[in-house]
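Notes follow once the structure below has been shown.
The values are calculated or read from the model by the stated rules, or taken from the named source; none is laboratory data. Computed from a prediction, not measured in an experiment: that's the story for all the values here. Glycine gets a Cβ as well: all are built from the backbone with ideal geometry, and neighbour counts include every protein chain shown. Side chains included, ligands, DNA and RNA excluded: accessible areas come from the protein's heavy atoms. Shrake-Rupley method; radii C 1.70, N 1.55, O 1.52, S 1.80 Å.
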Amino acid sequence: MSYNPLETKSTPLNWKRSSLYEVCTFISRGKQPKYVDHSQIYALNQKSIRWGEIQIENLKFQNPDINISEDFFVKKNDVVLNSTGTGTVGRAFHFAEKPEIRMLVDSHVTIIRTNEKILRSAFLYYQFSDYRYQKYINEGLLAGSTGQVELNKSKVTGMNILIPSVIIQDKIIGILSPLDKKIELNNQLIKILEEMTSTLFNHWFIDFEFPDKNGNPYKSNGGKMIESEFGEIPEGWKVDNFGKFIDIKSGKRPAIRSDSKTADCNIPIVGASKIMGYTDKQLINESVLVTGRVGTHGIIQRFNEPIWISDNSFIITSKYEGYVYQIMKNINYSSLNRGTSQPLITQSDLKGIKIVLPNSEMLLNYSVFYQEFVNKIESLKKENETLKELRDTLLPKLLSGEIELE
């Protein structure tokens, strides 16, 4: 049998090795979807598959009138594996339960159903997520050119898999799964807190129901309103340019970069929508807002750790960060594009946007509430990083037999 990424000198002798084909009941690429604006059937694509989660907001809708075999719809214990595209190929997700929504797997994703009596699907997922196995996929199994790489079905079915007894598999799952469940719970709490910040923003600055001097909702309790170009707004508020209370500058290309984190290159380089590498210099060490300029225009991210902003993004800071962040989430960026094949947003475009500007007291009051939410979110994110580090430290040791479970 060919190279096995998990075969080490410490691997227990009684752990079997097999091709994936021998221990599965179904392996296949999904089906090409026929998209519609909305339906009760979702199309599971590469973008929505992340380690540890399915990003619902990235799912598309499948035409319900197209007849497709049930084999290509997600079931309990399915493992889905991204099978095309640099940066996405090899990424996987395990459905421990049947999804609450009906999902068709699209043609860029492989569905894997194991024989649970021999190979637990959760155990297979943990093998896929091991960094050595990802290296095995990316360096030994891919075909195609840069940017168009593919993990075809024959390579997937021929993958080398370690198979200890189901008792050992269940013990390993029992160690790692609680960590993943805690991470998932924290992610759910983060989403709830972010939704709460948006709800509070809308209540105060869209509905104008912020607390009046007596603590009652302003507008519904007779708060005085004045006319503006945006309609009625509270007395003391005004319409002004966005640029009046933000500082904005462009990022820049780093002189030194690395594809992976090292002792010398340990500051993440952030592009329009993702971390692209690491540099040895620090550009930002404060709360910032970033909006992509080319291709992924309008992507908003908030950072509280040292990062380097690349030259296709803006750095936007303000003492009213919470208000600015919510405003930027609601801007229609497509109306600002100055390009066709390469959409572009300029600093002057952003500065010239007309917005409703509350009085400084109201902005500061919102900032206090907003910061409380942000502190809780950051605490949960840091806890998740600790949990991920623990899981990623345990994973290779468990899969190589370094930690004995007999």
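Each label point was placed 7 Å from the Cα along the Cα-to-Cβ direction; for LYS47 and ASN138 their separation is 2.2 nm. For the chain, the solvent-accessible area works out to 52 Å² per residue, with a probe of 1.4 Å and every protein chain left in place. In a fully extended conformation the segment linking SER198 and SER250 would gain 16.1 nm over its present Cα-Cα distance, using 0.36 nm per residue. On full extension, the segment bounded by ILE56 and LYS397 gains 119.5 nm, given 0.36 nm per residue less the C-alpha separation.
Per-atom-type breakdown for the chain gives carbon and sulfur 50% of the accessible area (1.4 Å probe, protein chains only).
First measure r as the distance between the Cβ atoms of VAL239 and ASN365, then evaluate 1/(1 + (r/R0)^6) with R0 = 25 Å and state the FRET efficiency to the nearest 0.05. Using R0 = 25 Å, I get an efficiency of 0.75. Report the residues of the range 374-406 in range of a label on GLN188: point 7 Å along Cα→C-beta, backbone N strictly under 11 Å from it. Nothing falls inside the zone, counting backbone N under 11 Å. What residues from the range 353-375 fall in the zone where the backbone N is under 16 Å from a label point 7 Å along the Cα-to-C-beta line of LYS319? Backbone N within reach: 358-368. Placing a pseudo-label 7 Å from each Cα along the Cα-to-Cβ vector at LYS153 and LYS181 gives an inter-label distance of 3.6 nm. Helical content of the chain, expressed as a calculated mean residue ellipticity at 222 nm, amounts to -9500 deg cm²/dmol (DSSP H runs of 4 or more residues, -39,500 (n - 2.57) each, divided by residue number, nearest 500).
Note on volume of the Cα convex hull per residue in Å³: of the candidates (i) 180; (ii) 154; (iii) 137, the value calculated from this structure sits at (i). Each other residue within a Cβ distance under 13 Å of LYS219 adds +1 if Lys or Arg and -1 if Asp or Glu, for a net charge of -4. Ordered from highest to lowest accessible area with the whole protein assembly present and a 1.4 Å probe, VAL239, VAL156 read as VAL239, VAL156. Translational diffusion of the range 80-127 was estimated from the Stokes-Einstein equation, with Rh taken as the Kirkwood radius over Cα pairs; at 37 °C and 0.692 mPa s the coefficient is 277 µm²/s. Filter the DSSP H helices in the chain by two things, a Kyte-Doolittle mean of at least -0.5 and an axial alpha-carbon span of 27 angstrom or more, and list the hits by number. Span-like helices in the chain: 166-201, 360-399. Between GLU378 and THR262, the simple spin-label model (points 7 angstrom out along Cα→Cβ) gives 3.0 nm.
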